[in-house]
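To start, the structure under review is shown below, and the notes come after it.
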Amino acid sequence: MIPSYNKVHLKFKLNGVNYNQDDIREIAYSFVKEGLHYEEAIGDFLLDWLDNKSFIKVKSTGTTGKPKLIKIDKQVMVNSSIFTGNFFNLKPGDKALHCLPANFIAGKMMLVRAMILGLELDLTEPTSHPIFNTKTEYDFAAMLPIQLQNSLHDINNFKNIIVGSVKVSNKLIEAIQDKSTRVFETFGMTETATHIALRPLNNFESEQKTTSLGKSIFKTLPDISISQDDRGCLVIESGHLTKQPIVTNDLVKLYSEDEFEWLGRFDNVINSGGVKIFPETIEEKLQEKIKQRFFIASEKDETFGEKIILILEGDIDTVDNSIFEDLDKYEKPKKIYCAHKFDVISDKIQRKKILTKLGII
């Protein structure tokens with residue numbers, strides 16, 4: 001028998017109004033038929049959540065390839081919501097802000113958390129500069145780094161913020177050190193129904209080494225087991241989130257049974273003359289020196305096999321060579337390309353798509 005997922009916590013509110021499952025269907029239909037674009041996506045998901053299926057299909061962001069539809073059990077999403085609620089001590093009646101697109105897993109999970117945990121959820125358009133009531137004290141929100149950056153003046157309104165999708169820059173981490181809000185970077189993926197590990201980004205837990213700016217050291221949530229495969233990539237197991245171990249393409253260094261440092265994507269590793277180079281390491285060194293969006297990649301080279309290249313967003317393919325002074329010899333780009341406008345989904349640069357358009361791969 002397929003379990004029912006139409007039970008909604010009695011304390012659940014949407015934009016200040018209390019809804020039961022029947023009410024939610026009505027508001028969902030209204031969003032689909034008459035709502036704004038972001039509300040239509042919310043309505044579609046709510047209808048999928050309340051149907052008689054035990055799963056939903058979620059589109060991945062396609063960071064390293066084409067976006068694909070992934071089937072996720074609703075019970076996994078419920079379990080994930082409970083894990084997050086326990087970690088942040090979220091209680092029925094607590095207030096949360098929804099400012100992420102509901103097309104992807106992070107935005108969907110905010111809705112599930114609210115319905116399962118009984119949160120009072122305020123909806124706002126998922127723009128790079130989310131608009132919300134600055135007089136409301138929120139207990140929880142999930143944001144993209146660009147949203148956090150653009151909300152710095154008002155984040156003291158929030159007790160807890162999780163931020164993910166792309167790596168948080170050191171400059172942004174430094175900007176939140178004087179904030180009272182607890183800010184965490186997340187590590188996760190669509191297959192695990194959002195995050196399986198967190199790292200605190202500001203000094204509310206100064207005893208934790210995870211606050212260091214130089215390393216991306218994450219601590220897993222309870223019931224998550226981690227290991228590495230023979231490539232050095234992270235393997236995730238959880239009785240409540242995955243039926244089978246999830247083998248990722250994320251290269252990591254394990255510090256303990258529940259702590260790991262993220263090094264980069266296996267898909268992105270460059271082998272130049274026998275030296276393995278992590279593009280993410282070079283990007284971190286350049287992030288404060290290049291104003292526009294950019295990324296590091298490689299192209300074929302007869303002598304070294306692969307050579308480092310820099311891809312800039314815009315129409316100018318030159319930079320001051322002084323920005324490369326802090327790079328090791330083998331890290332310095334041998335060529336610069338420009339792409340007029342980057343393809344981006346949920347703040348993630350679609351590297352392969354851009355490289356294909358440029359004729360590099």
- Would a scan of region 201-214 turn up a residue that is in a strand (DSSP E or B), in contact with a strand residue (DSSP E or B) (Cβ under 9 Å, 6 or more places away or on another chain) and either open to solvent by less than 60 Å² (accessible area, probe 1.4 Å) or modelled with pLDDT of 90 or more (or both)? no
- Looking only at region 114-141, count how many residues are among the hydrophobic types (A, V, I, L, M, F, W, C) and open to solvent by 10 Å² or more (accessible area, probe 1.4 Å). 5
- Item | region 104-127, subset farther than 23 Å from residue 242 by Cβ and in a loop (DSSP other than H, G, I, E, B), residue farthest from the chain's Cα centre (by Cα) | 118
- Out of all the residues in region 89-113, which are open to solvent by 10 Å² or more (accessible area, probe 1.4 Å), closer than 21 Å to residue 37 by Cβ and out of contact with any Phe, Trp or Tyr (no Cβ under 7 Å at 6 or more places or on another chain)? 100, 103, 104, 105, 106
- Item | Top-ranked residue of region 267-283 - restricted to ones that are surrounded by 17 or more Cβ atoms within 10 Å (Cβ to Cβ) and under 21 Å from the mean Cα position of the chain (by Cα), ranked as nearest to residue 326 (Cα to Cα) | 282
- Query: If you check residue 16 against the conditions, is it at pLDDT 90 or above and farther than 17 Å from residue 116 by Cβ?
  - Reply: yes
- Scan of region 1-52 for residues that are aliphatic (A, V, I, L, M) and either farther than 19 Å from residue 95 by Cβ or open to solvent by 50 Å² or more (accessible area, probe 1.4 Å) (or both), ordered by number: 1, 2, 10, 17, 28, 32, 36, 41, 46, 47, 50
- Query: Going by the structure shown, is residue 57 of a type in the set (Lys, Arg) and open to solvent by 10 Å² or more (accessible area, probe 1.4 Å)?
  - Reply: yes
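For (1) touching a Ser or Thr at 6+ places or on another chain (Cβ under 8 Å); (2) outside any helix (DSSP H, G or I); (3) at pLDDT 95 or above; (4) more than 16 Å from residue 112 (Cα to Cα), each residue gets a yes or a no:
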residue: 30; (1), (2), (3), (4): no, no, yes, yes
residue: 33; (1), (2), (3), (4): no, no, yes, yes
residue: 39; (1), (2), (3), (4): no, no, yes, no
residue: 42; (1), (2), (3), (4): no, no, yes, no
residue: 45; (1), (2), (3), (4): no, no, yes, no
residue: 57; (1), (2), (3), (4): no, yes, no, no
residue: 61; (1), (2), (3), (4): yes, yes, no, yes
residue: 66; (1), (2), (3), (4): no, yes, no, yes
residue: 70; (1), (2), (3), (4): yes, yes, no, yes
- In region 326-361, how many are out of contact with any helix residue (DSSP H, G or I) (no Cβ under 8 Å at 6 or more places or on another chain) and either within 16 Å of residue 281 (Cβ to Cβ) or small (Gly, Ala, Ser) (or both)? 4
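The values are calculated or read from the model by the stated rules, or taken from the named source; none is laboratory data. Bear in mind the structure is a predicted one, so any value in this text is a computation, not a measurement. Cβ: placed from backbone, ideal geometry, glycine included. Neighbour counts: every protein chain shown. Ligands, DNA and RNA are stripped out before the accessible areas are found, and what is left, the full protein with its side chains, is counted by its heavy atoms. Shrake-Rupley method; radii C 1.70, N 1.55, O 1.52, S 1.80 Å.
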